[in-house]
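Notes follow the structure.
The values are calculated or read from the model by the stated rules, or taken from the named source; none is laboratory data. Please read all numbers here as calculations on a predicted model, not as lab measurements. For neighbour counting, all protein chains shown are included, and Cβ atoms are generated from backbone atoms with ideal geometry for every residue, glycine included.
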């Protein structure tokens, strides 16, 4: 049976009325030593980091406003929990380099499969946030036998049902896209409580895309619909923030109702970047979930 869990943080109220959460003040731990290099794949040289070791692999898929650099709170925590952690810059982001002579634009699902084949990894846990969650769902529909579990955080999911697309147009009108990324993707509580963390997020967002023309958007292997999601039989954790303007809790519940073997967690006050705004809660939820699978 599907269940939705609500996470609460300990909040202190300062005299001038500003709310601070102890977890908002978290800092990245000492990163586990990781291999950093390129994998030559069809049409692209993918930049990736790999903590190595004999642990079960966990692969991290970044948002459209990030790159592999954004997982600085997750990589040491997951490696410390005994997992082999792999993060990479998706085609068109970060330090990955497109080879114009190869097939373009390709699909994110095929790139991920090629990277796992390159590393000799058969089955793994997949964690995707925001747009990385869309790519992760496409991968799960395409290659379910490769996944031990799936975590989709703060994601609109890429569903193409017209009723769902109309819902998106209602909650995100054209003016929404004109807002600075940090206003769209970081919750107001975090921006108030952690200006240093906000500046770091903005820095990582600004260096997430190479200079010059943007690469063509990758295609999808599947037309994602709610009917297709009902066919998934992969243990899935759905996570969002109470203040997420892309995927607020009612949107998460639409997915929870369709993905049968799923659990959900809602983090109050968090915006579209739960992995960054509340890393302790995010890491705990993910580690507890994947340990069961």
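For segment 98-124, give me each residue that is at pLDDT below 95 and within 19 Å of residue 67 (Cβ to Cβ).
Within segment 98-124, the subset at pLDDT below 95 is 98-106.
Selection gives 98, 99, 105, 106.
Looking at segment 69-88, which of its residues are closer than 19 Å to residue 117 by Cα and either free of Cβ contacts under 8 Å to residues at least 60 places away in the same chain or surrounded by fewer than 20 Cβ atoms within 10 Å (Cβ to Cβ) (or both)?
Narrowing segment 69-88 to residues closer than 19 Å to residue 117 by Cα: 83-88.
Passing the criteria: 84, 85, 86, 87, 88.
Check whether at least one residue in segment 149-159 is surrounded by fewer than 22 Cβ atoms within 10 Å (Cβ to Cβ) and more than 21 Å from residue 70 (Cβ to Cβ), and report yes or no.
Within segment 149-159, none of the residues are surrounded by fewer than 22 Cβ atoms within 10 Å (Cβ to Cβ) and more than 21 Å from residue 70 (Cβ to Cβ).
Filter segment 185-199 down to residues that are crowded, with 17+ Cβ neighbours inside 10 Å and under 20 Å from the mean Cα position of the chain (by Cα), then give me how many there are.
So the answer is 6.
Yes or no: segment 169-177 includes at least one residue that is surrounded by 14 or more Cβ atoms within 10 Å (Cβ to Cβ), touching a residue at least 40 places away in the same chain (Cβ under 8 Å) and either under 27 Å from residue 53 (Cβ atoms) or in contact with a strand residue (DSSP E or B) (Cβ under 8 Å, 6 or more places away or on another chain) (or both).
no
Which number in (1) at pLDDT 95 or above; (2) more than 15 Å from residue 164 (Cβ to Cβ); (3) in contact with a strand residue (DSSP E or B) (Cβ under 9 Å, 6 or more places away or on another chain) marks the one condition that residue 247 misses?
Checking residue 247 against (1) at pLDDT 95 or above; (2) more than 15 Å from residue 164 (Cβ to Cβ); (3) in contact with a strand residue (DSSP E or B) (Cβ under 9 Å, 6 or more places away or on another chain), the one that fails is (2).
Name the residue, out of 65, 49, 37, that is at pLDDT 75 or above, surrounded by 14 or more Cβ atoms within 10 Å (Cβ to Cβ) and assigned to a strand (DSSP E or B). Outline the logic, then answer.
On the way: 65 fails: assigned to a strand (DSSP E or B); 37 fails: surrounded by 14 or more Cβ atoms within 10 Å (Cβ to Cβ).
Selected residue: 49, the only one of 65, 49, 37 that is at pLDDT 75 or above, surrounded by 14 or more Cβ atoms within 10 Å (Cβ to Cβ) and assigned to a strand (DSSP E or B).
Quickly run through segment 114-154 and pick out the residues that are assigned to a strand (DSSP E or B) and more than 9 Å from the chain's Cα centre (by Cα). Quick ask: steps written out before the conclusion?
Of the residues in segment 114-154, the ones assigned to a strand (DSSP E or B) are 124-129, 147-153.
Scanning segment 114-154 gives 124, 125, 126, 147, 148, 149, 150.
Hey, can you tell me all the residues within segment 255-277 that are out of contact with any strand residue (DSSP E or B) (no Cβ under 6 Å at 6 or more places or on another chain), in a helix (DSSP H, G or I) and surrounded by fewer than 20 Cβ atoms within 10 Å (Cβ to Cβ)?
Those that are out of contact with any strand residue (DSSP E or B) (no Cβ under 6 Å at 6 or more places or on another chain), in a helix (DSSP H, G or I) and surrounded by fewer than 20 Cβ atoms within 10 Å (Cβ to Cβ): 257, 258.
Restricting to segment 68-113, give me the number of residues that are at negative phi, in a loop (DSSP other than H, G, I, E, B) and touching a strand residue (DSSP E or B) at 6+ places or on another chain (Cβ under 8 Å). Can you show your working first?
Initial filter on segment 68-113 (at negative phi): 68-81, 83-91, 93, 95-105, 107-113.
Within this subset, residues satisfying the condition of being in a loop (DSSP other than H, G, I, E, B) are 74, 81, 83, 89-91, 93, 95-96, 99-105.
If we keep only those that are touching a strand residue (DSSP E or B) at 6+ places or on another chain (Cβ under 8 Å) as well, we get 74, 83, 89-91, 95-96, 99, 102, 104-105.
Within segment 68-113, residues that are at negative phi, in a loop (DSSP other than H, G, I, E, B) and touching a strand residue (DSSP E or B) at 6+ places or on another chain (Cβ under 8 Å) number 11.
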